[in-house]
Amino acid sequence: MAKKNLLTGMRPTGKAHIGHYFGALENWVALQHNYHSYFEIADVQALTDNFNNPEKVRANVRELAIDLLSVGIDPTKATIFIQSFIPEIAELTVYYSNHVTIARLQRNPTVKHEIKQKQELFGMRGEGVTYGFLGYPVSQAADITAFRGEVVPVGEDQLPLLEQCREIVRKFNHTYGDTLVEPDAVLTEHKRIKGLDGNEKMGKSLGNAIFLADSKEEVTKKVMAAVTDPAKIRKDDPANPEICMVYYYHQLVSKEDLPTICQECKAGHRGCVACKKQLVENMMTFLKPMQEKRAYYEAHPEEVDAILLEGTNRARTVAQAVMKEVRQAMKIDYFEED
Ligand code: TRP
């Protein structure tokens, strides 16, 4: 059977942490062999939020490329590309915007939630929401369809965006004839990884994240400050690993040691400090292969650029072919021979 097309993306706004890894990247690496895979560095989308901070987006484009390569995205198998260098995505966005009402965008649960968050953060009123931000689901529909994306691995928070894309595709095809492919979401198995402080969300701004590039000193500092069972006061008090963030992280990276850790913790045979030190060791073992690859790419920036350029060129060829079909369907292919 022919391989299907997979497309997914990430905004280049910061270094990847283990929440990104277990929540998305691990899955991407596994899937890249089963599909024609496209991994988009969504700089245009990042700019909807950071239009007044272009340096941040710029700095993180290569950063994200290195993150993708270090976790094991294979540039000879998959295509890594930069969104802003595919003008067809911007073109499609314009045409798709005729098929989406403003009310529909405002009802999109993801967009709604993000607008609310912004308002809480900046005290912004409704009029502070830009046209570009409100419209990013339309642009994301263009990201996917420009590559005939059939399979889109995303977290749960992205499902409303996928649904919006499917609606656009159906409306477009209904209006102009079957042209675009309706994608399916593939939910990533792992749920959202909690922060070291027990917060539901791991994030740079929250200071509770372990980054894939963190040194042993950084990991040690963060793990030592992690939240454990508050009922455990002395080293030999029994504790409940289910409410301990250190155990939660052991579950991610200490597979073989896990039964012992759990048993000793419950029996009061394991002090928290020793347990944390073991987590640091196991975390560093887990991060090591990625950090070695990262070191290689950081030492060879010209190779990273070559991968990005090649991927982007390859992606552009596909998007151009789709654009041609869209123009035909919309009867704006004025200079094409019949
Ligand atoms: N919105 C996605 C996120 O914030 C990133 C993204 C951009 C994306 N374009 C995409 C995801 C296309 C899937 C498909 O995580």
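Residues are listed down the side, and each one gets a yes or a no for (1) at pLDDT 95 or above; (2) out of contact with any Lys or Arg (no Cβ under 7 Å at 6 or more places or on another chain); (3) more than 13 Å from the ligand (Cβ to nearest atom):
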position	(1), (2), (3)
47	yes, yes, no
58	yes, yes, yes
79	yes, no, yes
104	yes, yes, yes
108	yes, yes, no
123	no, yes, yes
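Checked against the criterion of being within 23 Å of the chain's Cα centre (by Cα), more than 17 Å from residue 8 (Cβ to Cβ) and not hydrophobic (A, V, I, L, M, F, W, C), the candidates 116, 171 yield just one match: 116. Looking at the range 48-71 only, could you name the residues that are of a type outside the set (Val, Ile, Thr) and touching a residue at least 60 places away in the same chain (Cβ under 8 Å)? Selection gives 49, 51, 62, 65, 67, 69, 70. Of all the residues in the range 230-246, those that are assigned to a helix (DSSP H, G or I) and surrounded by fewer than 20 Cβ atoms within 10 Å (Cβ to Cβ) number 2.
Go through the range 133-157 residue by residue and tally those that are in a loop (DSSP other than H, G, I, E, B) and either more than 9 Å from the ligand (Cβ to nearest atom) or at pLDDT 95 or above (or both). Count: 6. Scanning the range 29-40 for residues that are buried (at least 20 other Cβ atoms within 10 Å of the Cβ) and either within 20 Å of residue 136 (Cα to Cα) or at pLDDT below 95 (or both) returns 38, 39, 40.
When 77, 3, 15 are screened for being surrounded by fewer than 21 Cβ atoms within 10 Å (Cβ to Cβ), in contact with a strand residue (DSSP E or B) (Cβ under 9 Å, 6 or more places away or on another chain) and farther than 28 Å from residue 192 by Cα, only 3 passes.
Name the residues in the range 167-205 that are closer than 21 Å to residue 280 by Cβ and exposed (fewer than 13 other Cβ atoms within 10 Å of the Cβ), would you? Across the range 167-205, the qualifying residue is only 204. When the range 1-17 is filtered for residues that are closer than 30 Å to residue 52 by Cβ and either away from the ligand (no atom under 15 Å from the Cβ) or touching a residue at least 60 places away in the same chain (Cβ under 8 Å) (or both), the ones remaining, listed by number, are 7, 8, 9, 14, 15, 16, 17.
In the set 181, 186, 223, 227, only one residue is part of a helix (DSSP H, G or I) and of a type in the set (Val, Ile, Thr); that residue is 223.
The values are calculated or read from the model by the stated rules, or taken from the named source; none is laboratory data. Just so you know, these numbers come straight off a predicted model, no measurement behind them. Positions of Cβ are generated from backbone atoms using ideal geometry, with glycine treated the same way; all protein chains shown enter the neighbour counts.
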